[in-house]
There are 2 protein chains.
Amino acid sequence: MALPRAAKTQRRTRIQEEKEELILEAALEVFATNGFRGSTIDQIADVAGMSKPNLLYYFRTKEAMHRALIERVLDSWLDPLREFDAEGNPVTEIRGYIRRKLEMARDFPRESRLFANEVLQGAPRIEDALMGPLKSLVDEKATVIRAWAKAGKIAKCDPYHLIFAIWATTQHYADFDVQVRAVLGPDRAGEGRFEDAARFLEMLFVNGLGVGVPSTGTSGG
Amino acid sequence: MALPRAAKTQRRTRIQEEKEELILEAALEVFATNGFRGSTIDQIADVAGMSKPNLLYYFRTKEAMHRALIERVLDSWLDPLREFDAEGNPVTEIRGYIRRKLEMARDFPRESRLFANEVLQGAPRIEDALMGPLKSLVDEKATVIRAWAKAGKIAKCDPYHLIFAIWATTQHYADFDVQVRAVLGPDRAGEGRFEDAARFLEMLFVNGLGVGVPSTGTSGG
DNA sequence: TGATAATTTAACCGGTTGGTAAACATTACA
DNA sequence: TGTAATGTTTACCAACCGGTTAAATTATCA
């Protein structure tokens, strides 16, 4: 039997919704800071404020919790890239993408760390997602970027490494938050650091791709 | 008693040198791919090809192994930044720094992942190093960069976020290697990816900082 | 309200984990 | 070669870990 007992009830109850939500929230917290192997069911149960067997009534295994979490998070994690619009102005699109990714790093650092932990440790549980949906989406957007480069709208560059660079620089502020704050020191590490980062990164990528801000109001149609 | 039995011998033997080296090498492998909590002494002993009690003869605890490893790795991890020369040409220095960091990501990915794991999980065991030696070194180099910007040698920018961006983009190729390879696919993921990355990143940062390549042969002294 | 479905808890289990004690084996050196 | 110092193994332990069972409790609704 692969299903938890809660999934075998005749109807789906309010309590099930609430508790599963509560558990996934706790699991996110724990997995994000300890990785899969480093996390224990007891820890998650503790954060969720319930007993271990009670938790296991809703998710049969630790794996099941992790799987549910990854599935839910993967979609929202890919959203910023999906919004990347082939029809839009290259500079506007790239700036927008950087901004959205940076906002995610600020507002959902645990989600970012969940992935980082997983990928860092060899992505044993999300390999399929990486080679499937993720790769497809990136391939699609890479084609767009390459077309922009060919049309002379941005500098000629490898679109994949451009995307990697945007991922790396933005997620850095979630994944390496402790280091960032340690280096900036107590004074400079306030919430303003995300605005400073945004300013710097927009400059870096806009100048770096060899295109100025769109000269006049070519507001996208 | 805080010392392992091997440290209490009258003289330091050849076997001690060899075995400790062997253990740290194995510990690097295991810690880098599993994080601290996710790693077991048995795993490390297994990789090192010795029994657990034998290993514990040289390092009394898992913590001790990790500590020894971090201390050793921290220095070499900071080396590329130390080489950053205030007297040099800004573009040359920044390109050189990118190149050295990228080489480290290629040649010592486990060292990079060891740190990434640690920082990602809140840096409980290296907080002091981050706020001490690391911060000091970065502060020092940030001053240099700021001076360059003030002198108009590079674009005005926040030197800290510039350094973060270089760290993020280069270490990405070690820490997120699985993802990079998954996205590039089997064809494009050969060892050439590091050269592609170098080409892209040099362009990004050199153009991004608003300075062209030094016009003529100012080959560094 | 009572019966039934849904939820929670207490008690437990086998395997793993970090670490120890002490017997045993090997090395170095007089 | 003998012997003391060094190194390795066997056997072990208590705590932890993922997960199960069954009984007790609570919610739902006719």
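Worth a mention:
- Shielding by partners - mean other protein chain Cβ count within 10 Å, residues of B:111-119: 3
- For the protein assembly as shown, calculated [θ]222 nm from helices alone, where every DSSP H run of n ≥ 4 adds -39500 (n - 2.57): -23000 deg cm²/dmol
- Candidates A:Thr40, A:Thr13, A:Thr169: whichever shows maximal mean-square fluctuation once chain A is modelled as a Gaussian network with Cα springs under 10 Å: A:Thr13
- Within the assembled protein chains, the solvent-accessible surface assigned to A:Glu83 is about 110 Å², based on a 1.4 Å probe.
- Counting, for every residue in A:36-47, the Cβ atoms of other protein chains within 10 Å of its Cβ and taking the mean gives 2.
- Each principal axis of the Cα atoms in the protein assembly as shown has its own extent, and those three values, largest first, are 72, 63, 46 angstrom.
- In the context of the full set of protein chains, chain B has a per residue accessible area of 46 Å² (1.4 Å probe).
- Heavy-atom accessible surface that A and B bury in contact, both chains counted, 1.4 Å, Å² to 100: 4900 Å²
- Segment A:5-60 - Debye-derived log10 I(q)/I(0), Cα point model, q = 0.12, 0.21, 0.26 Å⁻¹: -0.27, -0.73, -1.01
- For the options B:Asp46, B:Asp139, B:Asp187, a Gaussian network treatment of chain B with springs between C-alpha atoms closer than 10 Å singles out B:Asp187 as fluctuating the most.
- With both labels modelled 7 Å from their Cα along Cα-to-Cβ, the B:Glu195 to A:Ser136 distance reads 3.3 nm.
- For chain A, carbon and sulfur atoms together expose 50% of the accessible surface, with a 1.4 angstrom probe and every protein chain in place.
- Sites B:Asn54 and B:Asp75 - FRET efficiency at Förster radius 30 Å, r taken between beta-carbons, to 0.05: 0.60
- Spherically averaged projected area of the convex hull of Cα atoms, segment A:47-113: 5.7 nm².
- Solvent-accessible area lost in complex, 50 Å² minimum, residues of segment A:175-197 relative to chain alone, 1.4 Å: A:Phe176, A:Val178, A:Gln179, A:Ala182, A:Val183, A:Arg188
- Each residue of segment B:128-142 was assigned a 3J(HN,Hα) from its phi angle through the Karplus curve 6.51 cos²θ - 1.76 cosθ + 1.60 (θ = phi - 60°); the sequence is 4, 4, 5, 7, x, x, 4, 4, 4, 4, 5, 4, 4, 6, 5 Hz, with glycine and proline shown as x.
- Highest-MSF residue in chain B out of B:Gly35, B:Gly96, B:Gly210 [GNM, Cα springs under 10 Å]: B:Gly210
- Shielding by partners, peptide A:153-164 (average Cβ within 10 angstrom, other chains): 5
- For chain A, the relative contact order comes to 23 percent (Cα pairs under 8 Å, sequence separation of at least 6).
- For B:Arg99, the solvent-accessible surface with a 1.4 Å probe is about 110 Å², rounded to the nearest 10.
- Projected-area average for chain A over all orientations - Cα convex hull basis, square nanometres: 15.6 nm²
The values are calculated or read from the model by the stated rules, or taken from the named source; none is laboratory data. These figures come from a predicted structure and were not determined experimentally. When we count neighbours, we look across all protein chains shown, and the Cβ atoms used for this are built from the backbone with ideal geometry, even at glycine. We work out accessible area using only protein heavy atoms, side chains counted, and drop any ligands, DNA or RNA first. Shrake-Rupley method; radii C 1.70, N 1.55, O 1.52, S 1.80 Å.
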